[in-house]
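*Asks:* What follows is a single structure, and I will ask about it in a moment.
Rule-based calculations on the coordinates, nothing more; no lab input. Nothing here was measured: the structure is a model prediction, and the numbers come from that model. Here the Cβ positions follow ideal geometry from the backbone for every residue, glycine too, while neighbour counts run over all protein chains shown.
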Amino acid sequence: MSSRSGAGLELRQLGREVGGRCLLDRLDLQVAPGECVALLGPSGCGKSTTLRLVAGLDPASGGQVLLDGVDLSGRSPGERQVAMVFQSYALYPHLSVEGNLDLGLKVRGMARRERQRRIDATLELLQLGELRQRRPAQLSGGQRQRVALARALLRQPRIVLLDEPMSNLDAQLREDLRPELRRLLCGREQPVIYVTHDQQEAVGMADRIALLDAGRLQQVGSPRELYTNPANRFVAAFLGRPAINLLTIEPGRQLGLRPEHLRLGDDGALAARLLRREWWGHQQLLWFDSQWGTLRVLTAPEAPMPQEPRLGWQRQHELWFDTESGARLAA
């Protein structure tokens, strides 16, 4: 990752409004060369809007997109040298893998020998060499996604943008493909923005996460930073499965406790009644009723259940939030 001043991608006060509705509100974000930043958040939070503004597909209502210190405003998508990978593979069904990769290079007027050299190298990189003559219908979902990625990388882009590229794949295939995608994308020269609504995917792919809600950046940092030191209640609630327990135990303040930080015993501060349990193999998720409401607790699968269970925790794990605004408060 380069430390050169102005290197990489920088979004300054980037915004977009349509019909008086704010889709993205003055986003500030930097992505260094070779860094992968995940844009994470619920549907409609501004993730895909950000990608389209970076790519030049939509006009910004304000702000700037800078690459290595140069403002890209007014430049067409082609001039920005951006590669985009979408959730739909958009492969030509009548062309082979090699034909799909060759078409874009041919349209740009590249000599045949150079086209073949690049295609061969890219097919080897993505382990697609044996599939070069197959058509998309003969490929698995993961293979089609790798072809779409190969087509993007063939352009030798200066920025790589991925818009939920694995959302059409089943859960197991996404899990298998994540480390391979990270190997192919991260640590290269280009800054990478990876859009997803799946927190597990964001944690597995990204060096840093930028969490958005309603068009506004809530927090940016490493996955560990956002999980252990959330800036507000939204960040704390969005990250973590099972979700954080949010308890209103005094006026104006909410207490957040992660399920793994609650201790089950007979000497805790809070009396509780077991409602149900879910066995997860290496852990069990317990649901308790208490005077503060329902709480989720993660424990070892063989943890004994006291006759009169009580829940305890350490003060260092308490997260406090303002009840109205959701802002993080001092403990």
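*Asks:* Remind me, relative contact order of the range 242-329 in percent, using alpha carbon pairs under 8 angstrom and six or more residues apart?
*Replies:* 35
*Asks:* Follow-up question, since we're still on this one. Read phi for every residue in the range 39-52 and hand back ³J(HN,Hα) as whole Hz from Karplus 6.51 cos²θ - 1.76 cosθ + 1.60, θ = phi - 60°, with x for Gly and Pro.
*Replies:* Each residue of the range 39-52 in turn: 8, 10, x, x, 4, x, 8, x, 5, 5, 4, 4, 4, 5 Hz.
*Asks:* Based on the mean of other beta carbon atoms within 10 Å per residue, what is the order of 206-215, 134-143, most packed first?
*Replies:* 206-215, 134-143
*Asks:* Each residue of the range 255-262 in order: what ³J(HN,Hα) in whole Hz does its phi give by Karplus 6.51 cos²θ - 1.76 cosθ + 1.60, θ = phi - 60°, with x for Gly and Pro?
*Replies:* The phi angles translate into 9, x, 9, 5, x, 6, 8, 8 Hz.
*Asks:* Sorted by mean Cβ packing within 10 Å, highest first, what order do the peptides 56-67, 271-282, 101-112, 38-49 take?
*Replies:* 38-49, 56-67, 101-112, 271-282
*Asks:* Rounded to whole Hz and in sequence order, give me ³J(HN,Hα) for the range 125-136 from the Karplus expression 6.51 cos²θ - 1.76 cosθ + 1.60, θ = phi - 60°, writing x for Gly and Pro.
*Replies:* 4, 9, 6, 10, x, 6, 9, 4, 9, 7, 8, x
*Asks:* Using only C-alpha atoms and all pairs of different ones, pull out the Kirkwood radius for the range 242-329 in Å with one decimal. Could the numbers behind the result be given before it?
*Replies:* On the way: mean 1/r = 0.0742 Å⁻¹.
So the Kirkwood estimate lands at 13.5 Å.
*Asks:* State the Cα centre-to-centre distance between the range 291-313 and the range 199-259 in whole Å.
*Replies:* 23
*Asks:* Sorted from largest down, give the three principal axis spans of the alpha carbons of the range 115-273, whole angstrom values.
*Replies:* For the range 115-273, the Cα spread along each principal axis is 69, 31, 24 Å.
*Asks:* Ok, one more. Send over the semi-axes of the range 7-48's equivalent ellipsoid, whole angstrom and largest first, taken as the square roots of 5 times the C-alpha gyration tensor eigenvalues.
*Replies:* Semi-axis lengths for the range 7-48 are 22, 13, 6 Å.
*Asks:* Next question, about the same structure. So what is the calculated 222 nm ellipticity per residue for the chain, using -39500 (n - 2.57) for each DSSP H run with n of 4 or more, over all residues, to the nearest 500 deg cm²/dmol? Write out the running numbers ahead of the final one.
*Replies:* Working: 9 runs with 86 residues, N = 331.
Helices in the chain give a 222 nm mean residue ellipticity of -7500 deg cm²/dmol.
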